[in-house]
Amino acid sequence: MKILVIHGPNLNMLGTREPEVYGSLSIEDLDAAILSYAADLGMEATTFQSNHEGAIVDKLQDFADHDGVIINPGALTHYSIAVRDAISSIPIPVVEVHLSNIYAREEFRHSSVTAGECIGQISGFGHSSYLLALRSLLER
Ligand code: DQA
């Protein structure tokens, strides 16, 4: 199984960005943990980060080489109909993940416009949210 992992805006700042909320792992550490756990599960993961909505839409449309997608849309979660439409346009399963528990934070983070087009959402388990998403795609 080939899995595409997409990190949205500001996730390149992991490690230094609000570590009390997002943890101390850098995005390189996070990607290494994802790749290693995927290999343990017999899966192949590739990762991609962008601060740009259109680049994320382009990446989702480029799904053809993959069997599933894990996406942390970052702030785009809360308002991007373009990312939502891109998710609903592709025929492979997409899992939405968040490092923090978006439902335990500011009210504007409580709604996700993208999760409804995903097979599910995993929120609040730090970097393990991504690992749980890999497992869920494998078991599906
Ligand atoms: C986030 C939660 C979002 O509300 C926020 O804008 C992010 C990160 C998370 O992983 O917890 O950038 O998606």
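Post the alpha-carbon centroid distance, region 1-44 to region 76-131, in whole angstrom. If we compute the Cα centre of each part, the gap is 15 Å.
Of all segments of the chain bounded by chymotrypsin sites (Phe, Trp or Tyr not before Pro) found in a DSSP loop with no more than 16 other C-beta atoms within 10 Å, the longest spans 1-78. Taking Cα centre as origin and charging only the Cβ of basic (Lys, Arg, +1) and acidic (Asp, Glu, -1) residues, the dipole magnitude of the chain rounds to 220 debye. Given R₀ = 22 Å, what would the calculated FRET efficiency be for F108 paired with D58, taking r from the Cβ atoms and rounding to 0.05? Using R0 = 22 Å, I get an efficiency of 0.25.
Taking 0.36 nm per residue of separation and subtracting the Cα-Cα distance, full extension of the segment from R135 to T46 would add 30.5 nm.
Rounded to the nearest 500, the 222 nm mean residue ellipticity of the chain from helices alone is -10000 deg cm²/dmol, with -39,500 (n - 2.57) taken per DSSP H run of at least 4 residues.
For region 2-139, the orientation-averaged shadow of the C-alpha convex hull comes to 7.2 nm² (one quarter of the hull surface). Which GluC sites (Glu not before Pro) does region 99-135 hold that lie in a coil by DSSP with at most 12 other beta carbons within 10 Å? Those that pass, being in a loop and sparsely packed, are E106.
Values in this text are rule-based calculations from the coordinates and carry no lab data. No experiment lies behind these values; they were computed from the predicted model shown. When we count neighbours, we look across all protein chains shown, and the Cβ atoms used for this are built from the backbone with ideal geometry, even at glycine.
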